[in-house]
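Notes to accompany the following structure.
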Amino acid sequence: MFIPESARSLSITASALILVLIVTGCAESTRDGGDGGERNETQPLVFAGAGDPRTVDPVLTSDGETFRVTRQIYDTLLAHEPGGTEIIGGLAESWEQSDDGTEWTFHLRDGVKFHDGEDFDAAAVCANFDRWYNFTGNYQNSNQTYYWQNIFGGFAENEDEDTPDPNFESCSTPDDLTAVIEVKEPSANYPGAFSLASFGIMSPKVIDQVAQEEVTGDPGSPVLPSYTQEAGTVAGTGPYRLVDWDRDAQEVVLERFDDHWGENAKVKTLIIKTISEEAARKQALEAGDIHGYDLVGPADVEPLKDAGFQVPVRDVFNILYLAYNQEAGEELGDEKVRRAIAHAVDRQRIVDTILPEGGRVATQFIPETVEGWSPDVTTYDHDPDKAEALLQEAGQSDLEIDMCFPTEVTRPYMPAPQDIFDIIKADLESVGITVTADSMPWGDYIPHTDSGGCSLYLLGWTGDFNEAYNFLGTWFDGYDSAWGFRDEELFERMREVSTTPDADERTALYQEVNQEIMDYLPGLPISHSPPSIAFAPDVTPPAVSPLTQENFAEASFS
Amino acid sequence: MLRFIVRRTLQLIPTLFGLSVLLFFWLRRLPGGPEYALLGEDASPEQRAALRRALGLDDPLAVQYWRFLTRLAEGDLGTSLQTGRPVLDEFALRFPATAELAVAAMVIAVGIGIPLGYLAARRRGGLLDSAVVGGSLIGICTPVFFLAFVLKVVFAEHLGWFPSAFRQTPGLSATRVTGFFVLDGLMTREWDAAWDAILHLALPGLALSSIPLAVVVRMTRASVLEVLGEDYVRTAEAKGLHRHVVRTRHVLRNAMLPVMTAIGLQTGALFAGAVLTESVFAFGGIGSFVYASTQTRDYPALLGFILIIAAMYVLINLLVDISYSLLDPRVRVS
């Protein structure tokens, strides 16, 4: 037998290489081991999210993947109870508001240290607020300072006519441990806003160091300042400090901050990786390459549990709704048609067959856990006969209507949009409504629905903090082409309630507004869906948060 | 030869210019814009309008294109809207992952493919030949992502021999020099890191190599068979030349021409195939970034990445042509 030298040596080398790979791969495969306490010190806890963080300065983004990282590094003035939505003290031990709701006084925690050794005090709080308020140039871009503009309006000197007027007035320091923040008008956004990850408190020394850094670049090409893009530049007061951001390996390495004011983190090293594909995240957990991941596909929940993984259920804090656009579909201007559709859709079936465990049918546009939820709203049971009767009364027994749904996307409130659409379409057709399907990718979907391009469409929202306005205000505080209706009375009520300083009074008003909305029925609230998160069996997970604000300092190896 | 290379390189300019015009205007015709992806569901129309203005998207398209060109003349491809970092930096960051994967796949494909193809041709009709022909057919027909998935389930999840994801073990702090992890590990003498990177390359590299391997095997086999039947081979053998000389200098060298072309084309295609492999193994190269960019309508990133990839494709073809002319003097003459 003859084999040419070159070919023979090549194939021998190749087979040898593969053999070596296999054998040593086997030897290298050392997973876990040791007891929990020891592992906490020696082994990093690896958690995977779906996207890279964008910046290490949280005020410059609105992105949840970034907040997952920055929440471990920075504390906010107020926080949420572990695993819940109730607002509790954070860097402020206690707080109070003036009667007119324009002055917020925060009594700060004593003995808090920043990662860079600086002391935390009232001056540090004001340094942060003053910095945000005095942003200029490209920092005023709504993409850079989205939450600031949403919550506190504009800046000391607005450079764009579309930037809202500032609602922030001043920050003062009556003493070292008291910070007073004044706003021009009361708003339902406060105090919830002080718990937003965007407003994490940064060391004043860092603020001085980065003061000269600008968002540079031309129009169309803003470049984030370099300090926001690397480890070692920022310091907060959180349980972890940032030690490495390895973009090549798509990982952020956080190390326990031993001088944290609260209980120290249990695991010494926390690594947040990026795995954009849902299936790849699941397999990485199954293969033991990571210890947990977020955004578990609903279909994976049961198989993961069966295989011994932990899939703790987050409480619901979102809403999926079927929007009726009364300008795109004129028939929807008729209240009877709106009610008929509500009676036709079997929402329980959507919850039972598509949502993960813990999902619920929605009776109104806010989840039950939000202050202002009303037990007395008009409800619309699944009743096809009633739907048919209503359509007949409205003279619409041969109604034809278009309905949009997005493709290639899952949102926390909307797993499997196509499947949800299919159920609704079948339900509507069973009462004699002909549905024309209009599907499009997410990037096209939002502009299309926003501009009133669909009569019926699926959309939803996840809340930022426990305040009904954070939900209702998003849609109903004025004319919105996405809904295509004008009801000045309702809009006026929304505005009134959003500027009512007293929280109890506001809650009562929200309950009334919720009843009004559900009588008017601008769309059909469908469901609240718990976004899932998964952990390896040998991990004690942190309390899972409806706001997806897990505090990884609570996590440990067991 | 130099003229040939210069001429071919200059051809790049009109090609890329035309491509940039087409891409620029085509991208802008897609519905939606970055203001929707970047600002989420709840932003007000005013906020979206302000963002569009800030990004210069309200200017006439010709003005925007001119801005793009003038920036490009300074070697600036603009900034990714998703990450707020220069497009070139983003590319430089992600390219090594994809390239490393493509090289690994090509090494496997060539290293196994050429000898196997040669052997099959020499023993035409034998057991090995049938196995090679059949196996390569399966290789071509099996979707890369499916193979990737199977390899992962078997070798990563069940056997635990190889890691199932990433380019390195999380938390393995390694020095970065070039961004090519294997190379970096060797250069800095961090053998652990280099070995770790090789282990992480094994499964995705194997998956990605399936199609080029099959193509190389088949091309080599067919080409060797053809050359074996040529008169000059018979003449050379008749002259009493040593079989070894005939086989390497006459047969293999001549048979390599079409194989080189196939390798060149496959290398280009590898970058496309890498997209899926990258996502299955969470490898994080250019593929997943381009995909994310289409989702967010990240115009500068899309335009920049596609132009660079196109330029590379053209350059790879140029390299193939050059190697062609080195192997076969006739190409140079014509």
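The values are calculated or read from the model by the stated rules, or taken from the named source; none is laboratory data. Just so it is clear, the model here is predicted, and its values are computed rather than measured. Please note: Cβ atoms are built from the backbone with ideal geometry, for glycine as well, and neighbour counts cover all protein chains shown. Only protein heavy atoms, including side chains, enter the accessible area calculation; ligands, DNA and RNA are left aside. Shrake-Rupley method; radii C 1.70, N 1.55, O 1.52, S 1.80 Å.
Remark: pairs (first residue in the stretch A:126-148, closer than 15 Å to A:Asp208 by Cβ; second residue among the polar types (S, T, N, Q); Cβ separation under 6 Å; 6+ apart in sequence or on different chains) = A:Cys126/A:Thr173. Filtering the stretch B:147-166 to residues that are part of a helix (DSSP H, G or I) and in contact (Cβ under 8 Å) with a residue 24 or more places away in the chain leaves B:Leu147, B:Ala148, B:Phe149, B:Leu151, B:Lys152, B:Phe155, B:Ala156. Scanning the stretch B:1-38 for residues that are within 14 Å of another protein chain (Cβ to nearest Cβ) and assigned to a loop (DSSP other than H, G, I, E, B) turns up B:Leu30, B:Pro31, B:Gly32, B:Gly33. Kindly list, by first and then second residue, each pair from a residue in the stretch B:115-127 that is outside the structural domain of B:Ala214 (by the TED database) to a residue that is open to solvent by 60 Å² or more (accessible area, probe 1.4 Å), limited to pairs with Cβ atoms under 6 Å and residues at least 6 apart or on different chains. Cβ pairs passing all conditions: none. Considered as a group, the residues in the stretch A:117-171 that are within 14 Å of chain B (Cβ to nearest Cβ) and of a type in the set (D, E, K, R) include one that is most open to solvent (accessible area, probe 1.4 Å), and that residue is A:Glu161.
Considering only residues of the stretch B:1-40 that are of a type in the set (Phe, Trp, Tyr) and free of Cβ contacts under 8 Å to residues at least 24 places away in the same chain, which is farthest from B:Pro300 (Cα to Cα)? Full working, then the answer.
Let us first name the residues in the stretch B:1-40 that are of a type in the set (Phe, Trp, Tyr), namely B:4, B:17, B:24-26, B:36.
Within this subset, residues satisfying the condition of being free of Cβ contacts under 8 Å to residues at least 24 places away in the same chain are B:17, B:26.
On the way: B:Phe17: 15, B:Trp26: 13 Å.
By that ranking, first place goes to B:Phe17.
Scanning the stretch A:257-280 turns up no residue that is within 7 Å of chain B (Cβ to nearest Cβ), open to solvent by 10 Å² or more (accessible area, probe 1.4 Å), assigned to a helix (DSSP H, G or I) and farther than 30 Å from A:Arg109 by Cβ. Testing A:Asp315 on (1) among the acidic types (Asp, Glu); (2) farther than 27 Å from A:Gln283 by Cα; (3) part of a loop (DSSP other than H, G, I, E, B), one condition comes back false. Which one is that? Among (1) among the acidic types (Asp, Glu); (2) farther than 27 Å from A:Gln283 by Cα; (3) part of a loop (DSSP other than H, G, I, E, B), A:Asp315 violates only (2).
Can you tell me which residues in the stretch B:167-209 are part of a loop (DSSP other than H, G, I, E, B) and open to solvent by 30 Å² or more (accessible area, probe 1.4 Å)? Selection gives B:Thr169, B:Gly171, B:Leu172, B:Ser173, B:Thr175, B:Arg176, B:Val177, B:Thr178, B:Phe180, B:Thr188, B:Arg189, B:Glu190. Under the condition of being touching a helix residue (DSSP H, G or I) at 6+ places or on another chain (Cβ under 9 Å) and part of a loop (DSSP other than H, G, I, E, B), the residues counted in the stretch A:281-312 number 11. Please verify whether B:Ala43 is within 30 Å of A:Gly463 (Cβ to Cβ), without any contact (Cβ under 8 Å) to a residue 60 or more places away in the chain and not β-branched (Val, Ile, Thr), treating the condition exactly as stated. Against the criterion (within 30 Å of A:Gly463 (Cβ to Cβ), without any contact (Cβ under 8 Å) to a residue 60 or more places away in the chain and not β-branched (Val, Ile, Thr)), B:Ala43 qualifies. Residues that are within 30 Å of B:Ile140 (Cα to Cα) and of a type outside the set (A, V, I, L, M) number at least 1 in the following helices (runs of 4 or more DSSP H) confined to the stretch B:231-334: B:253-280, B:286-296, B:299-327.
Among the residues of the stretch B:81-93, those that are open to solvent by less than 20 Å² (accessible area, probe 1.4 Å) and modelled with pLDDT under 90 comprise B:Leu81, B:Gly84.
When the helices (runs of 4 or more DSSP H) confined to the stretch A:379-477 are screened for residues that are within 14 Å of chain B (Cβ to nearest Cβ) and of a type in the set (Ser, Thr, Tyr), those reaching at least 2 such residues are found at A:442-450, A:468-476.
Could you run through the stretch A:465-506 and say how many residues are in contact (Cβ under 8 Å) with a residue 40 or more places away in the chain, open to solvent by less than 30 Å² (accessible area, probe 1.4 Å) and in contact with a helix residue (DSSP H, G or I) (Cβ under 8 Å, 6 or more places away or on another chain)? Result for the stretch A:465-506: 15.
Residues in the stretch A:316-343 that are over 21 Å from B:Glu41 (Cα atoms) and open to solvent by 40 Å² or more (accessible area, probe 1.4 Å): A:Glu330, A:Glu331, A:Gly333, A:Asp334, A:Glu335, A:Lys336, A:Arg339. Residues that are open to solvent by 50 Å² or more (accessible area, probe 1.4 Å) and either in contact with a Ser or Thr (Cβ under 6 Å, 6 or more places away or on another chain) or within 14 Å of chain B (Cβ to nearest Cβ) (or both) are absent from the stretch A:190-210 altogether. Taken as a whole, the structure leaves B:Glu41 outside the set of residues that are of a type outside the set (Val, Ile, Thr), surrounded by fewer than 16 Cβ atoms within 10 Å (Cβ to Cβ) and either at the interface with chain A (Cβ under 7 Å from one of its Cβ atoms) or not in a helix (DSSP H, G or I) (or both).
Going residue by residue through the stretch A:148-158, is there one that turns out to be under 28 Å from A:Phe257 (Cβ atoms) and not charged (D, E, K, R)? Checked the stretch A:148-158: at least one residue is under 28 Å from A:Phe257 (Cβ atoms) and not charged (D, E, K, R).
Applying the condition of being within 18 Å of the chain's Cα centre (by Cα) and within 10 Å of chain A (Cβ to nearest Cβ) to the stretch B:97-112 and asking which residue is surrounded by the most Cβ atoms within 10 Å (Cβ to Cβ) yields B:Ala97. Before we move on, is A:Asp346 surrounded by 17 or more Cβ atoms within 10 Å (Cβ to Cβ), within 14 Å of chain B (Cβ to nearest Cβ) and either of a type outside the set (Gly, Ala, Ser) or in contact (Cβ under 8 Å) with a residue 60 or more places away in the chain (or both)? Considered against the rule, which asks whether it is surrounded by 17 or more Cβ atoms within 10 Å (Cβ to Cβ), within 14 Å of chain B (Cβ to nearest Cβ) and either of a type outside the set (Gly, Ala, Ser) or in contact (Cβ under 8 Å) with a residue 60 or more places away in the chain (or both), A:Asp346 comes out as no.
Checking the conditions here, which among A:Pro537, A:Pro530 is part of a loop (DSSP other than H, G, I, E, B), crowded, with 20+ Cβ neighbours inside 10 Å and out of contact with any helix residue (DSSP H, G or I) (no Cβ under 7 Å at 6 or more places or on another chain)? Matching residue, one of A:Pro537, A:Pro530: A:Pro530.
When the residues of the stretch A:333-350 are filtered to those that are in a helix (DSSP H, G or I) and in contact with a strand residue (DSSP E or B) (Cβ under 7 Å, 6 or more places away or on another chain), the one that is farthest from A:Phe421 (Cα to Cα) is A:Arg338.
The helices (runs of 4 or more DSSP H) falling completely within the stretch A:2-81 that include 3 or more residues that are crowded, with 21+ Cβ neighbours inside 10 Å and modelled with pLDDT of 85 or more map to A:64-73.
Is one or more of the residues making up the stretch B:42-63 within 24 Å of the chain's Cα centre (by Cα) and modelled with pLDDT under 90? The answer is no; no qualifying residue exists.
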